[in-house]
Amino acid sequence: MKICVYGAGAVGGLMAAWLARAGHDVSVVARGAHLEAIRGQGLRVRSNNETQAFRVAADPEPAKLGPQDYVLVTVKAQSLTDVAQKIGPLLGPNTSIVTAMNGVPWWFFDRLNFGNGKERLESLDPGGKLARALPTERIVGCVIHLAASILEPGLVSHNMGRKLILGEPGGRNTERTKRISDALQQAGFETLVTPTIEKEFWVKLLGNVSFNPVSALTVSTADRLIHNSEVKGYMVEIMREVLAIGRAVGVDAAIDPEARIDMARALGKFKTSMLQDLEAGKPLEIDGLLAGTLEIARKAGVRAPYTESLFGLIRARAQATGQYR
């Protein structure tokens with residue numbers, strides 16, 4: 001298949017490399033030093049102490065890559081506006097868009113009974129630009145359960161995990177989901193197709209909303225947060241609020257906060273993506289995780305004081321270093 005990965009960072013780079021290894025026609029949208037390294041040395045992946053290089057087409061302008069069978073959008077939420085402006089030339093009549101990212105997706109309400117599918121997340125999609133450029137009928141949601149990082153331009157480290165959960169909004173999975181799931185499975189990922197992708201996003205969100213901002217505020221790896229009883233208690237309260245918000249709109253994550261913390265504990269000593277971005281001086285993924293969640297809370301009439309305080313704290317921290325826009 002012809003597949004473009006829009007945003008060849010850690011996760012996107014890993015997906016692009018392994019799909020290329022499996023024989024697909026893979027291209028990536030990248031820029032800067034990362035782009036030049038990929039063009040010069042190939043897209044390199046270090047896994048199990050072995051480094052391999054994969055040749056993929058790379059360009060900063062999607063228009064030069066042409067229509068695709070699948071576009072995998074793997075950017076952070078704050079970069080989606082740029083995607084919406086430039087993705088058009090990648091989309092043919094039957095192109096599918098896979099959203100593989102953290103946080104609440106902009107299309108979250110589109111197939112829910114809550115609000116009869118008419119609610120929209122203004123904090124994530126002001127004016128509906130994303131919805132128009134990346135329409136829900138093309139979407140396959142992808143929840144990521146793996147860890148990867150960028151060691152240097154063009155070099156991705158696969159740290160742990162291979163699991164990807166895929167499904168279309170509202171659970172009406174079609175051939176578009178099966179084809180990309182099969183392709184990713186054959187590429188080396190562990191894939192699961194679900195009829196409840198919104199629930200899977202919410203399970204992941206419980207950890208993202210709590211661990212990511214708290215790790216950035218404290219400059220701590222996840223294991224240290226878990227072992228600190230006061231910090232862990234604070235994160236449990238946030239998870240309880242997020243669980244209540246989901247249930248109020250018909251999305252029950254059906255997991256106890258302690259069980260969700262156990263999922264993070266099993267990953268050992270790791271840096272969240274937000275902590276990695278903080279240390280690298282990059283913009284922090286705050287709105288995609290917290291602003292969207294709190295907008296849903298307001299629409300559902302659910303109070304979330306712990307989550308609100310965390311939003312205020314991490315936003316102030318990022319503003320102080322110019323990492324929030």
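The values are calculated or read from the model by the stated rules, or taken from the named source; none is laboratory data. Since we're looking at a predicted model, the values are computed, not measured. Neighbour counts are summed over all protein chains in view; Cβ atoms, including those assigned to glycine, are modelled from backbone coordinates with ideal geometry. For the accessible areas, the whole protein counts, side chains as well, though only heavy atoms, and no ligand, DNA or RNA atoms are used. Shrake-Rupley method; radii C 1.70, N 1.55, O 1.52, S 1.80 Å.
Is at least one residue of region 80-88 in contact with a strand residue (DSSP E or B) (Cβ under 7 Å, 6 or more places away or on another chain) and either open to solvent by 10 Å² or more (accessible area, probe 1.4 Å) or over 28 Å from LEU206 (Cα atoms) (or both)? Walk me through how you get there before you give the answer.
Taking region 80-88 and keeping what is in contact with a strand residue (DSSP E or B) (Cβ under 7 Å, 6 or more places away or on another chain), we get 83, 87.
Those still in the list that are either open to solvent by 10 Å² or more (accessible area, probe 1.4 Å) or over 28 Å from LEU206 (Cα atoms) (or both) too: 87.
Yes: one or more hits.
Given the condition among the hydroxyl-bearing types (Ser, Thr, Tyr) and part of a loop (DSSP other than H, G, I, E, B), answer yes or no: does some residue in region 135-147 qualify? No; the residues of region 135-147 include none that is among the hydroxyl-bearing types (Ser, Thr, Tyr) and part of a loop (DSSP other than H, G, I, E, B). Looking across region 266-287, just one residue is among the aliphatic types (A, V, I, L, M), within 20 Å of PRO105 (Cα to Cα) and touching a Ser or Thr at 6+ places or on another chain (Cβ under 7 Å), and that is MET274. Consider VAL45 carefully, then state whether it is β-branched (Val, Ile, Thr) and under 18 Å from the mean Cα position of the chain (by Cα). No.
Among residues of region 105-121 that are in contact (Cβ under 8 Å) with a residue 60 or more places away in the chain, those with a Cβ under 6 angstrom from a residue that is β-branched (Val, Ile, Thr), sequence gap 6+ or separate chain, pair up as PRO105/THR99; TRP107/THR136; TRP107/ILE139; ASP110/THR136; PHE114/VAL249. Test VAL140 against the criterion of being β-branched (Val, Ile, Thr) and within 18 Å of GLY292 (Cα to Cα), and give yes or no. The answer is no for VAL140. Here region 116-130 is the region considered, the condition is being open to solvent by less than 70 Å² (accessible area, probe 1.4 Å), part of a helix (DSSP H, G or I) and in contact with a helix residue (DSSP H, G or I) (Cβ under 9 Å, 6 or more places away or on another chain), and the residue that is nearest to LYS299 (Cα to Cα) is GLY117. Residues that are out of contact with any strand residue (DSSP E or B) (no Cβ under 7 Å at 6 or more places or on another chain) and of a type outside the set (S, T, N, Q) were ranked within region 38-58; the one that is most open to solvent (accessible area, probe 1.4 Å) is ARG55. The sole residue among LEU243, LEU294, LEU284, LEU290 that is open to solvent by less than 60 Å² (accessible area, probe 1.4 Å), in a loop (DSSP other than H, G, I, E, B), of a type in the set (A, V, I, L, M) and in contact with an Asp or Glu (Cβ under 9 Å, 6 or more places away or on another chain) is LEU284. For the residues VAL56, VAL83, VAL26, VAL75, the requirement of being out of contact with any Gly (no Cβ under 7 Å at 6 or more places or on another chain) and closer than 16 Å to ALA133 by Cα singles out VAL83. The residue that is most open to solvent (accessible area, probe 1.4 Å), among those in region 151-185 that are in contact (Cβ under 8 Å) with a residue 12 or more places away in the chain, among the polar types (S, T, N, Q) and farther than 27 Å from GLY40 by Cα, is ASN173.
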